[in-house]
1. Pulled fully out, how much extra length does the chain show between Ala153 and Thr287, if you take 0.36 nm times their separation in residues and subtract their Cα-Cα distance?
2. Using 0.36 nm per residue of separation minus the Cα-Cα distance, give me the extension gain between Ala276 and Ala174 in nm, one decimal.
3. I need the GluC sites (Glu not before Pro) found in segment 88-186, filtered to DSSP loop residues with at most 16 other beta carbons within 10 Å of theirs.
4. Got the relative contact order for the chain handy, in percent, Cα pairs under 8 Å and 6 or more residues apart?
5. What is the log10 of I(q)/I(0) for segment 147-276, computed with the Debye formula using one identical point scatterer on each Cα and no solvent, at q = 0.15, 0.18, 0.19, 0.20 Å⁻¹?
6. Which trypsin sites (Lys or Arg not before Pro) from segment 217-268 combine a DSSP loop assignment with at most 15 other Cβ atoms within 10 Å?
7. What are the principal axis extents of the Cα atoms in segment 21-119, in Å, biggest first?
8. Given the options Gly167, Gly243, Gly258, which has the most mean-square fluctuation in a GNM of the chain, springs set between C-alpha atoms less than 10 angstrom apart?
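The values are calculated or read from the model by the stated rules, or taken from the named source; none is laboratory data. Predicted, not measured: the structure shown is a model, and the values here were computed from it. Virtual Cβ from ideal backbone geometry, glycine too; neighbours counted across all protein chains shown. Heavy atoms of the whole protein, side chains included, go into the accessibility calculation; ligands, DNA and RNA do not. Shrake-Rupley method; radii C 1.70, N 1.55, O 1.52, S 1.80 Å.
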Amino acid sequence: MTGDSEYLAARFEEKRGHLRAVAYRMLGSLSEAEDAVQEAWFRLDRSDTSAVENLGGWLTTVVARVCLDQLRSRKARREESLDGPAGFPEPLLSPPDGLDPEQEVLLADSVGLALLVVLEQLAPAERLSFVLHDMFGVPFDEIAPIVERTPAAARQLASRARRRVQGGAPTPDADTGRQKEIVGAFLTAARGGSFEGLIAVLDPEVVLRVDLSDMALGAGAVARQALTFQRLAPYARPALVNGAPGLVTITPGGKAVGVMGFTVSGGRIVAIDILADPERLERVDVTVLD
């Protein structure tokens, strides 16, 4: 390596955590986010950056372009295969007692599963504009060339996305300990087959989604649906799912058959998002719960 290459590599490593966070919010997949960050390094290594004054901004733009291409390609594949709308985001699991330092950086600013679920349903340019501006403070003048729009149009894209996020991703309660208690009460009621116990912790307007499809709406319907999973309840283990209390159903053989993310707001469960797709579950790392 030349001296310049070593210097660039060191500078890149300083920015890696930030770039992973940008890419994960853009793509909803840690493995794809890592690929996008690696592609940014390849482009940096091949480019003359002697005139670049803000290397962090330059790298953020590169990662954003890579992610936008990936989102557009993903959308085109879904349209061609008639698979429907979006795919479920790739949840990050942690032991129930806390996140590791890398995950704390990756999941800063409450990037919970419910928020990622809503982001998955946005158009690629909307998602990029919202993520870069609202989450990372990138000016619309810099976002506009990436999405091939005017700054005013980029602002409109972010505004549309913001309305959908506000309507679809309730703000979780700040007290994580209380959230854990409520999710624990849900699990106890499900294991015991207690309809009344489930109703007690569910918001009247709670929504249950499985692989992004609405499966049940309202406390009564969600409680009845939860009781149908009673046979699996003994295999459910507490975990942090994207930093919030959740449950992972693991068979005696160590295979994950479901990941449940909960959104607790106002002291009640307002949303339950379940990943049950076997192909996506294979990419979820459950060894961190051992």
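1. Values: separation 134, 0.36 × 134 = 48.24 nm, distance 4.43 nm.
Result: 43.8 nm gained on full extension.
2. On the way: separation 102, 0.36 × 102 = 36.72 nm, distance 2.76 nm.
So the extension gain works out to 34.0 nm.
3. Values: sites: Glu102, Glu104, Glu120, Glu126, Glu142, Glu148, Glu181; in loops: Glu148.
Passing both the DSSP loop test and the Cβ count: Glu148.
4. Numbers: 437 pairs, mean separation 53.6, N = 290.
Dividing the mean separation by the residue count of the chain yields 18 percent.
5. The Cα Debye sum returns log10 ratios of -0.70, -0.94, -1.03, -1.12.
6. Details: sites: Arg224, Arg231, Lys255, Arg268; in loops: Lys255.
When the trypsin sites (Lys or Arg not before Pro) of segment 217-268 are filtered for loop state and at most 15 Cβ neighbours within 10 Å, Lys255 remain.
7. 43, 43, 17
8. Gly167
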